[in-house]
Structure formats: structure tokens, C-alpha cells
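Structure first, commentary second.
Please treat every number below as a calculation from the coordinates, not as lab data. Quantities reported herein were computed from a predicted structural model and do not represent experimental measurements. Positions of Cβ are generated from backbone atoms using ideal geometry, with glycine treated the same way; all protein chains shown enter the neighbour counts.
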Amino acid sequence: MFGFGKQIKKENWENFEREALPFSDDLYRVAMWMVRDVEEAQDLTQETLMQALRSFHRYEMGTNCKAWLMTIMSHLNSKRRMKLGRLQLVEDTEEKIAETIAFEPSIPQNITDEDVLEALNRVPQQFSQVVVLADVEEFAYKEISNILDVPIGTVMSRLHRGRKLLRVELANYARNFGIGTENKEVAQ
Amino acid sequence: MNCRDFREIADSYLSDELIVETNHEVFQHLENCPNCRQELSTRREIREKLRVSLKTAPEFQMNPVFAKRVKADLQDAAFQKKSWFNWKVLLPAFASLLIVIGIPFFLFFQKNAPPNLFAEISEKAVERHEDCGLKHYKDWEKNIGKLSAEKISFVKSLESEGTQILEVHNCKFEGKSFIHFVLRHNGKIISVLKTASENAAVTNSNTEDSIICKREKGLQVSSFKIGEDLVFVISDMSEAENLSVARQLFDAAKI
């Protein structure tokens, strides 16, 4: 009887090791983006993997394991933020600011990876988070909707605004540091 | 399609989310617009840089030592022997079990509980005190000091300067026979009624050494079992005073 139990544990671990563990780096990267602190990101990653291991029987083999893990992490992060009193709802003002960007300056050329990261850092978290999940982690709208527990429409609008804000920040950042002098205005 | 329209949908075009017709319009516009071609190329470049920079930036890379430790911890947790004791699971399970087992037991004992002999007989004893003890006590004052020692032996211990034994007789009420002692204590009439317990075997054994006190029809009733007999002390005294009389009788009878 005990041998049988051990066999089940072994199989469960092997499945987990094969399906979930390869995404540890992705989890840490997104965790780091969410909390911006090494220790907190490590805690969040470890907590997520532990929770995933305990709930691995609920994971449906063949579905997107990375998205499943990200959903767990997003929920855990929301709980942690709520505990620490850091949970902020997307305020109307931020939504309005994002909506009212009438003029979009041309994007400079010759930008570096660091410039992009620096500009992304300046984009409010609610928008940059969706940009990271869509453009870096390459999740579909539906998956992002599940991960962040928000409607698909909200994902789409935040992504649109997030990308726009990123371009604006990138242009401002480049202008401040004299990057990309070949700005061209829209002709037509 | 003009440049403004194109810029609005350029990201969707890059993500390949547009329908065929719109894609066709985009192609047409891009063919004739070098600025938008440049814009599209820059946006593509930003996405790529964003993806690469986040995936390669040192601060976003997991420390290999930490990665190794997490894997070891996970492996330990995976093979850890699970404790069977889990409050979250066991508490509701115990509660349910208690309900499932407890309810039939409760119903069974309710149905088969021994009849409360004291309760049934004390009603009759109270009737005797009211009809016989209280109504006729004046008639019995002439008996004071004349009752034979044998007749009053059960309540003799109560006799003192403050307590007089007025009467002893047998009385029957609704098929129940009592030996009825009528006493006067500090001006108050007390009935002591003694009767045979017909169903002594089923009387709760807890009552063997205790005196039960209760109020019935505004009177204080203290009852106890002594041998095969049930004894009721009834008066309109306070509970403590009535109990004190009953205890004195109980102690004397035990000796």
C-alpha cells in the first residue's frame, strides 16, 4: 500500500517537474515585474510553485501550464498586496490620462533595450502589466483575462493604452537624453 | 486609410488580429507611405526590444542558487508524508459524524428514558399538601404531643422548639398512597409525604444521593429517594429553608 502511494507521489513529481518547473524563470521574471523587489519576487515565485504543486491534481494536462501558473501567481500577489494594504484599483484619472493622449510623438530610432525598459518603468503598473503579459510573455487576451481576473474588453483597452503610453514615454525619455534625432512628424 | 487610421490599428496589425479586408487596406497604405512603414518598423522593433530586454536583463533573471533551492524544497514537499491530521478537513468531518451519530442516540434515549417518578408523584404530593395539610392543620393542633413515637419516628428528628408535628395519617390520591406528616415550622405548614416507589428499579441512580428541588404551583418541593421510598417535603418556605428541612430528614433516615 505504501509502495503504491510512493509511486503516485513519484509520478506526480515527475509530471510537475516536466510541465511546471520549466516556467520557473518566466514566473520569476513576471514576479519581479510585479513586485520590483528581489526578495519579494523570490518569495512570490516559491509560493506560487508550492501552491501549484499542492494543486497540481487540478491542472489539466495539455493545457497552457504557464498561464495556469501565472494565474496562481497573480492571485497570490493580489492577496499579498491586500495584506500589505498596497492594493490599488485602477483609478479613473489614470484611465482618463491614458485615453486623452491626443498627440503621440514620433518614436525615435536607435533606441536600446535599456531605453525600452526605462520607459516601461514609467508606465503605470495596470497598463505595463498587460503589455508585459501580451508582448513579452505572449499570452492571448483570454489567458490574460484569466490571469488578472478582469474582462477581455478591459485587457484589450489596457493593452492598447499601455502600448501607447510606452511609446509616449519612450519618446519623452529619448528626447530628454537626446536619443534618436531623426524624428519625423506624421505627414499625411 | 490615412496615417492617423493606420496608427490606431498598427498594433493590431502587428499582432495579426485584423480581418483580411482591413489587412488589405493596410498593405495599400503602407505601399504609399514611407513614414508609416517607418512607424510600423519602429513599433515592431520596440516589441522585440521589450521582449529581449526583459528576458535578458540581469535583474529579471532568477538566481541559480535560489532556483536550485526552490527545486529541492519542492521535491521535499512532493515526497513529504502527508499528515493525516488536517483541521480544515477533520473538523467538519467530526462535526458531521457527531450529528449523524448523536441524533439517533438522542432520539433513542429520549424515547427510552426512565420515567421521572419524582415529577409524576410530586404533583400528587403537592395536591395532598394543599387539600389536606393546609386546609385542616387547625383541626390537628389538638394532636400536638399526643402522637405515638412510632408513628412520628420518620420526622422525629425535625421536632424541636421551632417545629411541631401536627398530624400523621395515610392518605390516598389518584391511586397513590402516602404517609402524610403535617408539621409547623416557625408558623409555616410543612407536608412531608412518603410513598413507596413502585418503579424503583428504573429510577435514575443519580437520584440516590441527591435532593431535587423545584417549585410547583408556587410551592417549594424538595424530594429524595431513601431505600425503596420517595419522600417529598412541601411548603411555602424559601428554597433554602425547605431544602434544609429535607436534608435534615435525609441525613436522619440514612443513619
**Message:** Under 8 Å for C-alpha pairs, at least 6 residues apart: give me the relative contact order for region B:117-254, rounded to a whole percent.
**Reply:** 22 percent
**Asked** For region B:3-60, what is the Kirkwood hydrodynamic radius in Å, using each pair of distinct C-alpha atoms?
**Response** 12.4 Å
**Message:** To the nearest 20 Debye, how big is the dipole of region B:3-60 about its Cα centre, given +1 on the beta carbon of each Lys and Arg and -1 on that of each Asp and Glu?
**Reply:** 340 debye
**Prompt:** Once both labels are modelled 7 Å past Cα along the beta-carbon direction, what's the B:Phe79-B:His24 spacing in nm?
**Reply:** 6.3 nm
**Complete:** On the formula 1/(1 + (r/R0)^6), with r taken between the Cβ atoms of B:His169 and A:Arg54 and R0 of 56 Å, the FRET efficiency rounded to 0.05 is 0.10
**Request:** Tabulate in residue order the Karplus-calculated ³J(HN,Hα) for region A:111-118, using 6.51 cos²θ - 1.76 cosθ + 1.60 with θ = phi - 60°, rounded to whole Hz; enter x for Gly and Pro.
**Result:** 7, 9, 4, 5, 4, 5, 5, 4
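Rounded to the nearest 20 Debye, what is the dipole magnitude of region A:2-83 about its Cα centre when Lys and Arg each give +1 and Asp and Glu each give -1 at the C-beta?
Its charge dipole is roughly 300 debye.
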**Prompt:** Under a plain spin-label model, where a point goes 7 Å from the Cα along Cα-to-Cβ, how far apart in nm are B:Glu48 and B:Leu134?
**Reply:** 10.9 nm
**Request:** Tell me, rounded to the nearest percent, the portion of alpha carbon pairs in chain B spaced more than 25 Å apart.
**Result:** 67 percent
**Model label zone, A:Val150; criterion: amide N under 13 Å from point 7 Å along Cα-to-beta-carbon; scope region A:35-74** = none
**Asked** What's the FRET efficiency of B:Ala57 with A:Ser78 using the Cβ-Cβ distance as r and R₀ = 30 Å, to the nearest 0.05?
**Response** 0.75
**Complete:** Two pseudo-spin positions, 7 Å from Cα along C-beta at A:Glu138 and at B:Lys156, lie apart in nanometres by 11.1 nm
**Prompt:** Using 1/(1 + (r/R0)^6) with R0 = 35 angstrom and r between the beta carbons of B:Lys71 and A:Asn121, what's the FRET efficiency to the nearest 0.05?
**Reply:** 0.70
**Item:** J(HN,Hα) series, region B:181-196, from Karplus relation 6.51 cos²θ - 1.76 cosθ + 1.60, nearest Hz, glycine and proline x
**Value:** 9, 10, 10, 10, 10, 6, x, 10, 8, 10, 9, 10, 10, 10, 9, 6
**Item:** Rg ratio (alpha-carbon, reference 2.2 N^0.38 Å) - region A:2-83
**Value:** 1.17
